[in-house]
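One structure below.
The values are calculated or read from the model by the stated rules, or taken from the named source; none is laboratory data. What you see is a predicted model, and the numbers here were worked out from it, not measured in a lab. Here the Cβ positions follow ideal geometry from the backbone for every residue, glycine too, while neighbour counts run over all protein chains shown.
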Amino acid sequence: MELYRSHVLVCEGTGCHCSGSAEVIETFKEELKKNQLENEIKVVSTGCFGLCEIGPIVIVYPEGAFYSGVKKEDVPEIVSEHLLKGRLVKRLLYHDSISDSDVVKSLDEVEFYKKQKRVTLRNCGVINPEKIEEYIAFDGYRALGKALTEMTPLEVIEVVKKSGLRGRGGAGFPTGRKWEFAHNAPGDKKYVCCNADEGDPGAFMDRSILEGDPHSVLEAMAIAGYAIGADQGYIYIRAEYPIAVKRLTIAIQQARELGLLGKNIFGTGFNFDIELRLGAGAFVCGEETALMSSIEGKRGEPRPRPPFPALKGVFGKPTLLNNVETYANIPQIILNGPEWFASIGTEKSKGTKVFALGGKINNTGLVEIAMGTTLREIIYEIGGGIPGGKKFKAAQTGGPSGGCIPAEHLDMPIDYDSLTEIGSMMGSGGMIVIDEDNCMVDIARFFLDFTVDESCGKCPPCRIGTKRMLEILERITQGKGTEEDIDNLETLAKNIKASALCGLGQTAPNPVLSTLRYFRDEYLAHVRDKKCPAGVCQALLQYTIVKELCTGCTLCSKVCPVGAISGERKQPFTIDQDKCIKCGACMEKCRFKAIEKR
Amino acid sequence: MPCSSTCSAGTDNKEQFAKLQEVIERYKGTKGSLMPVLQEAQGIFGALTLDVQKYISEALGIPLMDIYGIATFYSQFTLKPKGKYKVSVCMGTACYVRGAKRLQDKLVEVLGIQVGETDEEGRFTLEATRCLGACGLAPVLLINDDVYGRTTPEAVPGIIEKYRKD
Ligand SMILES: Cc1cc2nc3c(=O)[nH]c(=O)nc-3n(C[C@H](O)[C@H](O)[C@H](O)COP(=O)(O)O)c2cc1C
Ligand code: SF4
Ligand code: FES
């Protein structure tokens, strides 16, 4: 390997990519060439660092200088100042990354990373995901070697069981037990599948792992193949993730070239290979039986269980299915031992969980925390609090299957069981922060809209029931709801939960039940007082002119499309509520903030 | 997407069918090959029109009914060609709570089409997508491969104008 005096790491994860990191990399390469530094300094494109909000992110080693929001125009300065003269470009340094005396802090001292524990994300942002050598340099494929040469399949399963790892795809089923079922299933042809469908519309941790550290998943699948006796793996990945697909394709190719996938791995006689299957935009395909039927090239409709996939899965053969993040834990568990893993987390939830922190929060991005961390630590310490000094209302976890955590539970340690207890769930790890400006009825409507759209239509409770619920919610947000509607919502919710065929339908009512549980007063305000307290539901809003602020400039009356505003020049104007169609045009136009929306 | 409606609008699509034939040859014998074939076919033609479905049905020996069932089940497949520019607003949760709906309303107004529709010229198709993984930039607007992060309704007319010109 060549020796470089400096490494410039540029994030090429989706968030930073969208903020223009590809151009930044190009410019770095050009500038280094111009300054004849290309043999001294290496530019590495990496996966996600987690702090997507302030991308593109560039880290320069050996100093560990953390630059954020780097535009291609900034690159010449970094090259000429930092890389040539050794002077930090302070204006671009992430504000929390240097101490008061201008010393670069190491990453684990930065507030955003301090409380995190990076197990599955440990290589993301550190290695170049398109080079298998870099993964190998960080202990890559050592766990597979250890499993194949020093352990029996049953020993591997025992280690996974002992670690206490539970599935990260949503339900939290003990992974070791799942492997055991698949191992014990009779049959000479078995499959190992990876669920990379990541359907929760606010979660992107699986994608970041695949983009930043694809080999960790390949390695884990090969270990799983050895443990259950399978020689073929499938990764079912959403087609909406082109960068992840590309990196996986490269990773599989490179692993084959080095004999880490394919025939006779490590000379042990063990064969294992992996193929990709692209999804085509159907949330229900994240459900295990639907996913398998989609891999077979059919409509992705769920089927009743039993038979469970461990007995009859892909092409009718015993199949093991785990989530991306679940797999990413496996090599670490094999290498460091189950005791190490079980020492992290709470009594019944071991290890870490990655959350995609989004919505009304300062540090949007990916965070990995030990189970048992409180919501307050996540939101206020790691997440940096809520923008604009707004008030925290709730955090939504579990996406369309989950619920919300209100402020009263901010200090609850987060794990599988505590979340279920308060009516939410871990889900795949989306965590959306909601502030006082969001309407909880509207949020419930948003999720129901999603499930109605994504229901496969196979069973009536889900196909018809969720549609009825959505209609009721729409009525309420349009100011046409009654108190009886709220009771009906609850009855429908209970029936759907009890009778739907698959997890999609069974969990679809959760966002409604959970918002009703904690924010019933908001529902009541909509149906009784015909008011939306957060000022979101258009039909319930009133635009009014504040007399004291209005200068009578006539601008608003000119933009109103229905002529609802009248008054005399230089006198306060008024809005005729019967005519107003609540388009908000007047408010956009007013230069004196004299128009109020309530 | 390598190919949009422009290529299926051509008069001579022999070349495209030849490409499709290559794809089919490549996948023959692979288990569960229908989905990848349909995906590549859509890449070639821009849409899974009835002709394309029929061709695949015959070549793979799969009943047309099954192919149609799949083409209509998955939201990524489209039976009609889309506009030259696919304008999509991310309707993921993070974008939604940061005002994606207002962005979408504005696009409906500016483009004069509803979500899911293509304008008469075949220039714009308005769509809604799910989380693009760029939640840090919410709300996110995507026009083909161009990403516009932290977009406001006020910025929409200016952005669209750029794509009207060429
Ligand atoms: C409607 C629905 C959607 C799902 N979507 C996903 C998904 O996107 N990713 C995922 O890993 N699991 C998803 N699951 C859970 C899977 O069915 C399955 O439980 C999981 O992949 C098993 O892996 P694990 O044990 O490692 O969590 C979904 C379940 C349902 C019912
Ligand atoms: S619950 Fe919904 S998604 Fe699941 S099988 Fe029934 S209709 Fe399909
Ligand atoms: S929700 Fe829009 S990018 Fe994630």
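Odds and ends about this structure:
- Residue list for segment A:435-454, filter: within 16 Å of ligand 2 (Cβ to nearest atom) and over 21 Å from the mean Cα position of the chain (by Cα): A:VAL452
- Here A:LEU320 clears all of (1) buried (at least 24 other Cβ atoms within 10 Å of the Cβ); (2) within 16 Å of ligand 2 (Cβ to nearest atom) except the condition numbered (2).
Yes/no matrix, rows are residues, columns are (1) crowded, with 18+ Cβ neighbours inside 10 Å; (2) in a loop (DSSP other than H, G, I, E, B); (3) touching a Cys at 6+ places or on another chain (Cβ under 8 Å):
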{"position": "A:GLY479", "(1), (2), (3)": "no, yes, yes"}
{"position": "A:ALA493", "(1), (2), (3)": "yes, no, no"}
{"position": "A:LEU524", "(1), (2), (3)": "no, no, no"}
{"position": "A:LYS530", "(1), (2), (3)": "no, yes, no"}
{"position": "A:ALA534", "(1), (2), (3)": "yes, yes, yes"}
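- Note on segment A:536-552: residues that are polar (S, T, N, Q) and in a loop (DSSP other than H, G, I, E, B) amount to 2.
- Residues in segment A:471-503 that are of a type in the set (A, V, I, L, M, F, W, C), in contact with an Asp or Glu (Cβ under 6 Å, 6 or more places away or on another chain) and within 15 Å of ligand 2 (Cβ to nearest atom): 1 in all.
- Of all residues in segment A:316-345, those satisfying the criterion of being within 14 Å of chain B (Cβ to nearest Cβ) and under 20 Å from A:CYS502 (Cα atoms) are A:GLY316, A:THR319.
- Residue that is farthest from the other protein chains (Cβ to nearest Cβ), among those in segment B:130-166 that are buried (at least 24 other Cβ atoms within 10 Å of the Cβ), of a type in the set (Gly, Ala, Ser) and in contact with a Cys (Cβ under 8 Å, 6 or more places away or on another chain): B:ALA138
- Boolean, A:LYS582 is under 23 Å from B:GLU154 (Cα atoms) and either without any contact (Cβ under 8 Å) to a residue 60 or more places away in the chain or surrounded by 12 or more Cβ atoms within 10 Å (Cβ to Cβ) (or both): yes
- Within segment A:144-197, tally of residues that are free of Cβ contacts under 8 Å to residues at least 40 places away in the same chain and either within 9 Å of ligand 1 (Cβ to nearest atom) or among the β-branched types (Val, Ile, Thr) (or both): 3
- Residue in segment A:366-374 that is more than 30 Å from B:ILE70 (Cβ to Cβ) and within 14 Å of chain B (Cβ to nearest Cβ) present: yes
- Segment A:546-561, subset surrounded by fewer than 19 Cβ atoms within 10 Å (Cβ to Cβ) and among the hydrophobic types (A, V, I, L, M, F, W, C), residue farthest from A:ASP435 (Cα to Cα): A:CYS553
- Among the residues of segment A:304-336, those identified as farther than 18 Å from A:TRP179 by Cβ and touching a residue at least 40 places away in the same chain (Cβ under 8 Å) are A:PRO304, A:PHE315.
- Members of segment A:278-295 that are within 7 Å of chain B (Cβ to nearest Cβ) and more than 22 Å from A:LYS178 (Cα to Cα): A:LEU278, A:ALA280, A:GLY281, A:ALA282
- Residues that are in contact with an Asp or Glu (Cβ under 9 Å, 6 or more places away or on another chain) and either under 20 Å from A:GLN478 (Cβ atoms) or polar (S, T, N, Q) (or both), drawn from segment A:566-593: A:SER566
- Selection from segment A:466-493 of residues that are within 28 Å of the chain's Cα centre (by Cα) and over 21 Å from A:GLN538 (Cα atoms): A:THR466, A:LYS467, A:ALA493
- If you go through segment A:14-68 and keep only what is more than 14 Å from chain B (Cβ to nearest Cβ) and in a helix (DSSP H, G or I), you end up with A:VAL24, A:ILE25, A:GLU26, A:THR27, A:PHE28, A:LYS29, A:GLU30, A:GLU31, A:LEU32, A:LYS33, A:LYS34.
- Residues of segment B:41-59 satisfying the condition of being within 16 Å of the chain's Cα centre (by Cα) and more than 10 Å from every other protein chain (Cβ to nearest Cβ): B:ALA41, B:GLY43, B:ILE44, B:PHE45, B:GLY46, B:ALA47, B:LEU48, B:THR49
- Among residues of segment A:578-598, those that are of a type in the set (Gly, Ala, Ser) and in a strand (DSSP E or B), counted: 0
- Selection of segment A:224-253 for residues being within 14 Å of chain B (Cβ to nearest Cβ) and touching a His at 6+ places or on another chain (Cβ under 9 Å) yields only A:ILE243.
- Residue among B:ILE113, B:ILE62 that is more than 29 Å from A:GLY429 (Cα to Cα), within 12 Å of another protein chain (Cβ to nearest Cβ) and either touching a strand residue (DSSP E or B) at 6+ places or on another chain (Cβ under 7 Å) or surrounded by fewer than 23 Cβ atoms within 10 Å (Cβ to Cβ) (or both): B:ILE62
Quick grid of which residues meet (1) assigned to a helix (DSSP H, G or I); (2) modelled with pLDDT under 95; (3) surrounded by fewer than 22 Cβ atoms within 10 Å (Cβ to Cβ); (4) on the phi > 0 side of the Ramachandran plot:
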site	(1), (2), (3), (4)
A:ARG87	no, yes, yes, no
A:ASP96	yes, yes, yes, no
A:ASP102	no, yes, yes, yes
A:ASP108	yes, yes, yes, no
A:ASN128	no, yes, yes, no
A:GLY140	no, no, no, no
A:VAL156	yes, no, no, no
A:LYS161	yes, no, yes, no
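- Selection from segment A:561-577 of residues that are in a loop (DSSP other than H, G, I, E, B) and within 23 Å of B:ARG102 (Cα to Cα): A:PRO561, A:VAL562, A:GLY563, A:ALA564, A:GLN577
- Residues in segment B:86-102 that are more than 16 Å from ligand 1 (Cβ to nearest atom) and facing chain A (nearest Cβ under 8 Å): 5 in all.
- Residue within segment B:87-105 that is over 30 Å from A:ASP437 (Cβ atoms) and part of a loop (DSSP other than H, G, I, E, B) present: no
- Qualifying residue in segment A:462-470 (condition: part of a helix (DSSP H, G or I), free of Cβ contacts under 8 Å to residues at least 24 places away in the same chain and in contact with a Ser or Thr (Cβ under 7 Å, 6 or more places away or on another chain)): yes
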